[in-house]
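Peer 1: One structure coming up, written as structure tokens, with questions to follow.
The values are calculated or read from the model by the stated rules, or taken from the named source; none is laboratory data. Since the structure is predicted, the reported quantities are computational estimates derived from the model, not experimental observations. Virtual Cβ from ideal backbone geometry, glycine too; neighbours counted across all protein chains shown. Please note that ligands, DNA and RNA were not included when accessible areas were found on the heavy atoms of the full protein model with its side chains. Shrake-Rupley method; radii C 1.70, N 1.55, O 1.52, S 1.80 Å.
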Amino acid sequence: MTDTTTTGTATTVADENVSVAGVPTGLFIGGAWRAASGGATFPVRDPSTGEVLAEVADATPEDGMAALDAAVAAQDAWAATAPRERSDLLRRAFDLVRAHEDDLAALMTLEMGKPLAEARGEVVYGGEFLRWFSEEAVRIGGDYRTNPEGTGRAIVLKRPVGPVYAITPWNFPLAMATRKIGPALAAGCTVVVKPAELTPLTTLFLVELFRRAGLPDGVLNVVPSLDAKGLSEPIIADRRLRKLTFTGSTPVGSALLKQAADNVLKTSMELGGNAPLLVFDDADLDTAVTAAMLAKFRNVGEACTAANRFFVQEGIADAFTAALTAKVDALRIGRGSEEDTTLGPLIDDRAVDKAARLVDDAVSRGARLVTGGRRVDRPGTYYAPTVLDDVQPGSDILTTEIFGPVVSITRFATEEEGIRLANDTEFGLIAYAYTSDFARGQRLAERLETGMLGLNTGVVSNAAFPFGGVKSSGLGREGAHEGIEEYLESVYVLTPDPFAA
Ligand code: NAD
């Protein structure tokens, strides 16, 4: 069903269980919704059935440049606004996100597949970045310093970086957008956002909420496209762009860094993970199992923070594996929009093929299949929740981001061995550890090669804390006061000693 509203072309997106009206399907450039310049569209599908949910405008490279033009035109005026004005816009957008919790949750479930309860959780989490950065907007500071010789004074001031290009992934369609838009707008930067082609509807709806919140023309623009590379290259090559912020896979992030190098563009990169999850003999078993379920199965395992490699100490391994398997077998597979679903579909066929290939490889190398290990025979792209024990060195599953509902367990003997196994990866986004020994927790915090550590917990994401990785997992931090610094430059002004004669 298509209708024309103040948003331009909007549609109703629905399945048998949920329905969202007024979802924009165009490009938003310079404060107006419009069709793509060639008029092309692309389909967005429901992964739980494969059915088309909506047709979305397919931005051309010319549309991308029009969006950059709009962001550049709006930059100076936006940078000159009072911090309170930027703060108030973000706060109104936050209120609208919370008021539309059901719509946004339903949209994410429809286009991405996650269970509704988790999608509602993402509305709260994703919305928080707007509230947090509405509060940060009015706390951008400066500094006053004396040089070591005492002969001069420096004033250090902060300025917005300038127009930002933000590229987001499909797995957290709301939060990955607000985590960039929130701090950029708070800092005084204008934005062009390109959502993932698999899940653009949530971002389009979010941008519409910003429009209703009073967004000035050109400050936030959105250009979905099937041709991510063709759209992005000219934007990144344009010297008027001042910042590239990307969340997605490490190979794409690495390719974008090479493009950004030509203009020495400021970048933030939130890339792939291969999270270790360590369970020590002294862990509280219930805590470890409950937290491990969250760390692994949240978002159907399709999270950069998903526990990828379980390392379990020998003394607790049998009990942990048995208790975890009981919980895994109790997961209820189904469409995300059915209220009792706890495990939805994977995003597409490729994701199912990847999970199946990794499990088959691990079993062929000697892993023991405890449960699962098969595709689910129903329409849509489902893979059964799986537990593998005794996964052997050299198995692909230890070096590949699984992005699916598969637990891979390897047993270890000593803390030293556990740390060595955990660090044996090119990635370093997050680690999880379960132990009742606080000093051991501190040793792990100091020795694990990671940007984040979940100690006796299964979820660390929080707008108030600095999210990000080391090694091939990325550059920069999102959230917290660190998050806004990514969109600010320091300028220092040297003055003579005011007491000199
Ligand atoms: P992806 O790299 O395939 O795509 C991410 C985005 O980049 C999409 O919008 C896509 O259209 C775009 N893109 C792809 N090729 C491009 C190109 N050549 N030029 C410009 N843009 C391009 O990743 P994905 O499959 O959407 O997301 C999954 C990956 O994202 C996983 O590796 C996951 O770990 C990672 N991720 C990381 C974080 C984090 O915070 N570190 C968060 C979520 C997801």
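Peer 1: For segment 391-416, list residues with backbone N below 19 Å from a point placed 7 Å from the Cα of E446 toward its Cβ?
Peer 2: Within reach of a label on E446: 415-416.
Peer 1: Quickly work out the E426-to-L198 label distance, labels modelled 7 Å from Cα along the C-beta direction, and quote it in nm with one decimal.
Peer 2: 2.0 nm
Peer 1: Taking H placed 1.01 Å from N in the peptide plane, check which residues at least 5 places from L226 or on another chain put their amide H under 5 Å from its amide H.
Peer 2: A59
Peer 1: Okay, moving on. Among T247, P216, L324, flag the residue with its Cα farthest along the positive direction of the charge dipole of the chain, charges on Cβ as +1 for Lys/Arg and -1 for Asp/Glu.
Peer 2: The Cα lying farthest towards the positive end belongs to P216.
Peer 1: To the nearest 10 square angstrom, how much accessible area does E314 have with a 1.4 angstrom probe?
Peer 2: Solvent-accessible area, nearest 10 Å²: 110 Å².
Peer 1: Moving to a separate point now. Quick one: which residues, 5 or more positions from T457 or on another chain, have an amide H under 5 Å from its amide H? H modelled 1.01 Å from N in the peptide plane, none for Pro or chain starts.
Peer 2: Excluding prolines and chain starts, which carry no amide H, the hits are A433.
Peer 1: Once ligands and nucleic acids are excluded and a 1.4 Å probe is used, how much of R34 is accessible, expressed in Å² to the nearest 10?
Peer 2: Near enough 100 Å² of accessible area.
Peer 1: Can you list the residues, at least 5 places off or on another chain, whose amide H is less than 5 Å from the amide H of V161, using H built in the peptide plane?
Peer 2: L488, E489
Peer 1: Provide the per-residue ³J(HN,Hα) series for segment 365-372, in order, calculated from phi with Karplus coefficients 6.51, -1.76, 1.60 and θ = phi - 60°, each as a whole number of Hz, with x at glycine and proline positions.
Peer 2: Couplings: 9, x, 5, 9, 7, 8, 7, x Hz.
Peer 1: Also: How high is the FRET efficiency from R374 to A464, r the C-beta distance, R0 41 Å, rounded to 0.05?
Peer 2: For R0 = 41 Å, the calculated efficiency reads 0.50.
Peer 1: Let me ask something else. Compute the distance in nm between two label points, each set 7 Å from the Cα along the Cα-to-Cβ direction, one at N147 and one at S19.
Peer 2: Between N147 and S19, the simple spin-label model gives 7.1 nm.
Peer 1: Tell me, what ³J(HN,Hα) does each residue in segment 63-75 have, in order and in whole Hz, if you take phi through Karplus 6.51 cos²θ - 1.76 cosθ + 1.60 with θ = phi - 60° and put x for Gly and Pro?
Peer 2: With the stated coefficients, segment 63-75 comes to 5, x, 5, 5, 5, 5, 3, 5, 5, 5, 5, 8, 4 Hz.
Peer 1: I would also like to ask the following. Could you state the number of Å between the C-alpha centres of segment 284-309 and segment 170-215?
Peer 2: With segment 170-215 and segment 284-309 each reduced to a Cα centre, they are spaced 27 Å.
Peer 1: Let me ask another. How much FRET efficiency would the formula 1/(1 + (r/R0)^6) give for E416 and A79, where r is the Cβ-Cβ distance and R0 is 60 Å, rounded to 0.05?
Peer 2: With R0 = 60 Å, the Cβ-Cβ based efficiency is 0.70.
Peer 1: Which whole-angstrom value gives the distance between the alpha carbon centres of segment 383-413 and segment 85-152?
Peer 2: 35 Å
Peer 1: For segment 339-348, just list the computed ³J(HN,Hα) in residue order, Karplus coefficients 6.51, -1.76 and 1.60, θ = phi - 60°, integers in Hz, with x standing in for Gly and Pro.
Peer 2: Those phi angles translate into 4, 8, 5, 10, 9, x, x, 7, 5, 7 Hz.
Peer 1: If M108, M65 are ordered by their accessible area, calculated over protein heavy atoms with a 1.4 Å probe, which sequence runs from highest to lowest?
Peer 2: M65, M108
Peer 1: Bins of 10 Å, beginning at zero and ending with the bin holding the largest distance: percent of Cα pairs per bin for the chain, please.
Peer 2: 4, 19, 28, 25, 15, 7, 2, 0, 0
Peer 1: Which order do you get for D284, D361, D76 if you rank them by accessible area with a 1.4 Å probe, largest at the top?
Peer 2: D76, D284, D361
Peer 1: Oh, and also: What part of the accessible area of the chain, given as a whole %, is carbon or sulfur when the probe is 1.4 angstrom?
Peer 2: The C+S portion of the solvent-accessible surface of the chain is 52 percent.
Peer 1: Measure off 7 Å from each Cα along the Cα-to-Cβ vector at Q392 and E489, then give the distance between these two points in nanometres to one decimal.
Peer 2: Each label point is offset 7 Å from its Cα along the Cβ direction, giving 5.6 nm.
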